[in-house]
Amino acid sequence: MRTLFRWLSRWPLWLLHALGTALGWLSYLLSPSYRRRFLANLGQAQLPDGVRGPAIAEAGKLLMELPFLWMRPTDRPIAPYVRWDGEQFIDEAHREGRGIVFLTPHMGCFEVTAQAYAERYAARHGPVTVLYRPARKPWLRELVDTARGRPGLATAPATLAGVRQMIRALRRGEAVGLLPDQVPPDSMGVWAPFFGRPAYTMTLAARLAQQTGAVPLLAWGERLPHGRGYVVHFAPFGEPLPEGVDHQAESAAAINRAMERLIRQRPEQYLWGYDRYKTPRGGGAAGSPGDAQNKD
C-alpha cells in the first residue's frame, strides 16, 4: 500500500481529483448504507438537493488527494498549491504570545491546513500538534503515522497522554488542531445539537482553550476546482465559550454552532457520509444528554 501511495503522490492534483470524483460516485452508488447516511445527514441540515451531487464528488476527492498530501517528498512544499485567507488572526495571536486552537470540521481538505501552517509558521513559532485517532488496521496505522509526521507537524493520539501533549504545546504558545465534529470516545463528550439533532460532541476543544488561554480559531481548507489547489481559511470563533465544568454542554453547543456556520458557507465540501450522529460504545442512547454529561 505504501508503494501505491508513493506512486499516486507523483500524479498531478487535477488527475487525482478527477479520479476522486469517479470514486465518490462509485462509493455512493454501490453502498446502500453509505448512501442512506449521506442523504439522512444532508436532509437533517435542510440543504437543497443541488448540494448532493457536488458533495458526492468532493468526498471522493478527499480520499484520492491523500497520497499527494501524505507521501509528497518533504522537499516539495505545499505553498505553491495554497492561497491564504485570514492569516492576520494567526499573526495577532502570535504577537500576543498565545497558543492557538484550530477548530476544523470534516470539510474540504482538512489535512492541508496543518501542512500549510507548519510550512509558514513552525520555524518561528514551533510545530502545530494535530490530534488524531490511530487507525485500527496495523498496515493503515503505520502508513498514517509515518505520513503525517512531516517537518513542523507533530501528532498527538486521542488519549490522555495526547491531551497532555497538546496542553503543553499551547502553554508554550504553539498551535494545535483538531476536528471538533469528530465523535469522541465514551466519557469524553456531551450531547449537543448539531443541525437540530443531538450529536455526541467532544468537550476537549473548549477545555484546551479555556485551560491554557489559547485563541480558538476556525480553520478549513477549501478545495479549488480542476486541481488548482486550496484556499486555507481562518476566522475568529465568533462567540465567547462558557467556562466551567457545569457549562460543558453549552460550550459544546457553541462549537457545533460554529461548525454549522462554516459548513453552510460551502456545504458541498462537507463530508456528509461521516457518521456524525452515532452513539459511542457505552455512551447511552442518542438524545440522552443527561447521561453523557454525568459521565464526563
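The values are calculated or read from the model by the stated rules, or taken from the named source; none is laboratory data. What you see is a predicted model, and the numbers here were worked out from it, not measured in a lab. Cβ placement follows ideal geometry from the backbone for every residue including glycine, while neighbour counts extend to all protein chains displayed.
Computed quantities for the displayed model
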item	result
Among the residues listed as TRP11, TRP25, the single one being surrounded by 14 or more Cβ atoms within 10 Å (Cβ to Cβ) and not in a helix (DSSP H, G or I)	TRP11
Among the residues listed as PRO236, PRO216, PRO198, PRO185, the single one being under 17 Å from the mean Cα position of the chain (by Cα), farther than 27 Å from GLU119 by Cα and of a type outside the set (A, V, I, L, M, F, W, C)	PRO185
Residue match in region 89-105 (condition: over 24 Å from GLN211 (Cα atoms) and either over 17 Å from the mean Cα position of the chain (by Cα) or of a type outside the set (A, V, I, L, M) (or both))	no
Verdict on LEU140 being closer than 25 Å to ASN41 by Cβ, at pLDDT below 95 and either acidic (Asp, Glu) or within 18 Å of the chain's Cα centre (by Cα) (or both)	no
Every residue from region 182-210 that is part of a loop (DSSP other than H, G, I, E, B) and surrounded by fewer than 18 Cβ atoms within 10 Å (Cβ to Cβ)	PRO185, ASP186, SER187, GLY196
Single condition ASP91 does not satisfy, out of (1) in a helix (DSSP H, G or I); (2) within 29 Å of ARG2 (Cα to Cα)	(2)
Filtered residue count, region 69-114, keeping only those that are of a type in the set (Ser, Thr, Tyr), over 11 Å from TRP220 (Cβ atoms) and at pLDDT 95 or above	1
Selected residue (criterion: farthest from GLU260 (Cα to Cα)) from residues of region 47-70 that are more than 17 Å from the chain's Cα centre (by Cα) and not in a helix (DSSP H, G or I)	PRO48
Test: ASP85 is out of contact with any helix residue (DSSP H, G or I) (no Cβ under 6 Å at 6 or more places or on another chain) and under 30 Å from PRO54 (Cα atoms)	yes
Selection count where residues are free of Cβ contacts under 8 Å to residues at least 40 places away in the same chain and either surrounded by 19 or more Cβ atoms within 10 Å (Cβ to Cβ) or not in a loop (DSSP other than H, G, I, E, B) (or both), scope region 149-181	11
Which numbered condition HIS247 fails, given (1) surrounded by fewer than 18 Cβ atoms within 10 Å (Cβ to Cβ); (2) more than 15 Å from the chain's Cα centre (by Cα); (3) farther than 17 Å from PHE102 by Cβ; (4) modelled with pLDDT of 95 or more	(4)
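Rundown of residues vs (1) buried (at least 20 other Cβ atoms within 10 Å of the Cβ); (2) out of contact with any helix residue (DSSP H, G or I) (no Cβ under 8 Å at 6 or more places or on another chain); (3) assigned to a loop (DSSP other than H, G, I, E, B); (4) at pLDDT 95 or above, yes/no style:
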residue	(1), (2), (3), (4)
ILE255	yes, no, no, yes
GLU260	no, yes, no, yes
ILE263	yes, yes, no, yes
TYR274	no, no, yes, yes
GLY282	no, yes, yes, no
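Conditions tested, residue by residue: (1) within 23 Å of GLY99 (Cα to Cα); (2) in contact (Cβ under 8 Å) with a residue 40 or more places away in the chain.
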{"position": "LEU208", "(1), (2)": "yes, yes"}
{"position": "PRO225", "(1), (2)": "no, no"}
{"position": "VAL232", "(1), (2)": "yes, yes"}
{"position": "GLU243", "(1), (2)": "yes, no"}
{"position": "ASN256", "(1), (2)": "yes, yes"}
{"position": "PRO267", "(1), (2)": "no, yes"}
